[in-house]
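Here is the structure we will look at.
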Amino acid sequence: MVNTLKKNKLIIYAFYFFLYAFIGWCMETLYCVITLGEFHKRGFLYGPICPIYGYGALILILFFSNYKKNSLKLFFYAGIIFSVFEYIVSFLLDATLKLKCWDYTNEFFNLNGRITLAFSIAWGFIAILFINHIHPFIRKKVDHLVKKIPLRVRYTIFNVCFIIFITDTVLSCIKYIKII
């Protein structure tokens, strides 16, 4: 019974990851359409997700939900943590795949073009919005949906999504490091 509860929780977190990674990809794509006037594929994966948004959402859900009633702490902690997270992801993508998914070099108060003060502040506001409004709304919808899906079907969906994600990640990495 305990093992089933842990698996179910893992499946729900995986669902959040994929959902928020997809929403992040949509936001990035829409931003490009608005600012550049045309579609540009965003992210480094073939599929329509930006994992950094999925991981970011999980970080907020797992570690920042306790700050729901303290917006000031949430703002500052999230601004700092997500700036560090963004810097590390940018560094790793550049170091391992020679990939630069974003460049803030021309932005005011940037650090090596990887992070900027404006986005650090934005991450703080986004965290407040996410923890207090977006995720509670999504969580309610997900809880309602999950109750309707049999456990076996949830496991199957999880396994298929996981396999697709891992395959996409491996193939994308091969593309960028040009192994084949």
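The values are calculated or read from the model by the stated rules, or taken from the named source; none is laboratory data. Given the structure is predicted, the values throughout are model-derived calculations rather than measurements. Positions of Cβ are backbone-derived with ideal geometry, glycine not excepted, and every protein chain shown enters the neighbour counts. Ligands, DNA and RNA are stripped out before the accessible areas are found, and what is left, the full protein with its side chains, is counted by its heavy atoms. Shrake-Rupley method; radii C 1.70, N 1.55, O 1.52, S 1.80 Å.
Of all chymotrypsin sites (Phe, Trp or Tyr not before Pro) in the stretch 100-137, which ones are in loop regions per DSSP and have a Cβ with at most 14 other Cβ atoms within 10 Å? Show your work: numbers first, answer last.
On the way: sites: W102, Y104, F108, F109, F119, W123, F125, F130, F137; in loops: W102, Y104, F108, F109.
In loop regions of the stretch 100-137 (DSSP not H, G, I, E or B), the sparsely surrounded chymotrypsin sites (Phe, Trp or Tyr not before Pro) are F108, F109.
Please say if the stretch 55-126 is rounded, prolate or oblate, where rounded means a/c under 1.5 for a ≥ b ≥ c the square roots of the C-alpha gyration tensor eigenvalues, and otherwise the choice is prolate for a/b larger than b/c and oblate otherwise? Each step should come with its number before you reach the end.
Values: a/c = 3.47, a/b = 1.64, b/c = 2.12.
Note, shape of the stretch 55-126 comes out oblate.
Among A95, P150, I128, which residue has its Cα furthest toward the positive end of the charge dipole of the stretch 83-154, with +1 on Lys/Arg Cβ and -1 on Asp/Glu Cβ?
The listed residue farthest towards the positive side: P150.
Taking the Cα centre of the chain as origin and charging only Cβ (+1 Lys, Arg; -1 Asp, Glu), how large is the dipole, in debye to the nearest 20? Write down the numbers at each step before the final one.
On the way: 20 positive and 8 negative charges, 190 e Å.
Dipole size: approximately 920 debye.
Could you tell me whether the stretch 78-180 comes out rounded, prolate or oblate from its Cα gyration tensor? Rule is a ≥ b ≥ c as square roots of the eigenvalues, rounded for a/c under 1.5, then prolate if a/b exceeds b/c, otherwise oblate. Intermediate results must be reported in sequence, preceding the final value.
Numbers: a/c = 4.28, a/b = 1.25, b/c = 3.41.
Cα axes put the stretch 78-180 in the oblate bin.
Please identify the helices of the chain, taking whole runs of DSSP H, that span at least 30 Å along their own axis as judged from the Cα atoms and have a mean Kyte-Doolittle score of -1.0 or higher. Present the calculation step by step, with values, prior to reporting the outcome.
Working: long enough: 2-36 (50 Å, 1.04); 71-97 (37 Å, 1.54); 151-177 (39 Å, 1.30).
Length and hydropathy pass: 2-36, 71-97, 151-177.
For the stretch 1-48, state which chymotrypsin sites (Phe, Trp or Tyr not before Pro) are in a DSSP loop and have at most 16 other beta carbons lying within 10 Å of their beta carbon. Write out the running numbers ahead of the final one.
On the way: sites: Y13, F15, Y16, F17, F18, Y20, F22, W25, Y31, F39, F44, Y46; in loops: F39, F44, Y46.
Passing sites in the stretch 1-48 are F39, Y46.
Alpha carbons only, please: Rg and Dmax for the stretch 1-88, in angstrom.
Over the stretch 1-88's Cα set, Rg and Dmax evaluate to 15.6, 52 Å.
Restrict the search to the stretch 7-98; then list the trypsin sites (Lys or Arg not before Pro) that DSSP places in a loop and that have at most 12 other Cβ atoms within 10 Å of their Cβ.
Values: sites: K7, K9, K41, R42, K68, K69, K73, K98; in loops: K41, R42, K68, K69, K98.
Here the trypsin sites (Lys or Arg not before Pro) that fit, given the DSSP loop and packing criteria, are K41, K69, K98.
Provide the descending list of Cα extents for the stretch 121-180 along its principal axes, expressed in whole angstroms.
Taking the Cα atoms of the stretch 121-180, the three principal extents are 45, 42, 8 Å.
Quick one: with all protein chains in place, what share of the accessible area of the stretch 1-54 is carbon or sulfur, to the nearest percent (1.4 Å probe)? All intermediate terms of the calculation are to be shown ahead of the outcome.
Working: 2350 of 3290 Å².
The computed percentage sits at 72.
With every protein chain kept in place and ligands, DNA and RNA left out, what is the accessible area per residue of the chain? Probe 1.4 Å, answer in Å². Numbers along the way, then the final one.
Values: 11730 Å² over 180 residues.
Accessible area per residue: 65 Å².
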